[in-house]
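**Student:** This is the structure I have questions about; it appears just below.
No lab work stands behind these numbers, since they all come straight from the coordinates. This structure is a prediction, so every number in the text was calculated from the model and none was measured. FYI the Cβ positions are ideal-geometry reconstructions off the backbone, even for glycines, and counts take in every protein chain you see.
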């Protein structure tokens, strides 16, 4: 049986999240470049890049930036001039040698999809592929706010698709089960999302184990301070230099 992330990220996903647009991507990339100027040069990986809305912005500053995503559907939606810089692959098997990257960016919560062991292994791999001084941008949800403000059920319609969403916290994960109905045809499908809810301290501990030290945290793409009510937890980490002892 396929995992949820192997089947969900397609044209319906792109329609449902179309409000996550280029303007938001501009703010997110500007925030990252301001906090980690090293992202402006050298090879930088946009991991879980989807159709490349962040990567397109980043490449205007850094032409060595490239992206990787598992979804062929989203990669096909990328602008044609961006496609030579896109790879299809599973982030649990990164095709990058150790110490080669100036930065890795994970925008809009592409972390936490897997088991705890696999998530920790991914963090270790991210630490390995960064060169000393390289930056990791982790744009993650605010787990505390998600738990407090979760709406158990709602319905919305966007671009001709009606979506009934049911949410629950199960085993430390936020799980959203969706029934999508295409209004014009009546065609329906089931989909889901499931992301592990890590508290900031848990993310920092995992990153530290991977040789990454936290430089700064923001709670919004506009650069607002992180608080318990912030919509995002955006951590900017730096790969520590090897010890000389």
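**Student:** What FRET efficiency would be calculated for the residue pair residue 41, residue 222, taking the C-beta separation as r and a Förster radius of 30 Å, to the nearest 0.05?
**Tutor:** Using R0 = 30 Å, I get an efficiency of 0.75.
**Student:** Output the 0 to 90 degree angle, nearest 10, between the alpha-carbon long axis of helix 22-35 and the longest principal axis computed from the alpha carbons of the chain.
**Tutor:** 20 degrees
**Student:** Continuing with the same structure: I need the Debye-formula profile for the stretch 146-194: one equal scatterer per C-alpha, no solvent, reported as log10 I(q)/I(0) at q = 0.23, 0.24 1/Å, two decimals.
**Tutor:** The calculated log intensity ratios at q = 0.23, 0.24 Å⁻¹ are -0.80, -0.85.
**Student:** Going from the alpha-carbon gyration tensor of the chain, what semi-axes, largest first and in whole Å, does one get by taking the root of 5 times each eigenvalue? Before the final figure, lay out the partial values.
**Tutor:** Details: eigenvalues 172, 88, 58 Å².
Working through the eigenvalues yields semi-axes of 29, 21, 17 Å.
**Student:** To the nearest 0.05, how large is the calculated FRET efficiency for residue 199 and residue 76 if R₀ is 41 Å and r is the Cβ-Cβ distance?
**Tutor:** Result of the calculation: an efficiency of 0.70.
**Student:** Give the angle, between 0 and 90 degrees and rounded to the nearest 10, that separates the Cα long axis of helix 116-129 from the longest principal axis of the Cα atoms of the chain.
**Tutor:** 40 degrees
**Student:** While we're on this one: Simple spin-label model, 7 Å along Cα-to-Cβ: residue 131 to residue 90 in nm?
**Tutor:** That separation, rounded to one decimal, is 3.0 nm.
**Student:** By how many nm would the segment from residue 187 to residue 241 lengthen if fully extended, with 0.36 nm per residue of separation less the alpha-carbon distance?
**Tutor:** Taking residue 187 through residue 241 to full extension adds about 14.0 nm, to one decimal.
**Student:** OK, next. Please give the helix 200-209 orientation as an angle from the longest Cα principal axis of the chain, in degrees from 0 to 90, rounded to the nearest 10.
**Tutor:** 40 degrees
**Student:** 7 Å from Cα along Cα→Cβ at both residue 229 and residue 6: what's the point-to-point distance in nm?
**Tutor:** 4.3 nm
**Student:** Please compute the modelled spin-label separation between residue 156 and residue 15, points set 7 Å along Cα→Cβ, answer in nm with one decimal.
**Tutor:** 1.5 nm
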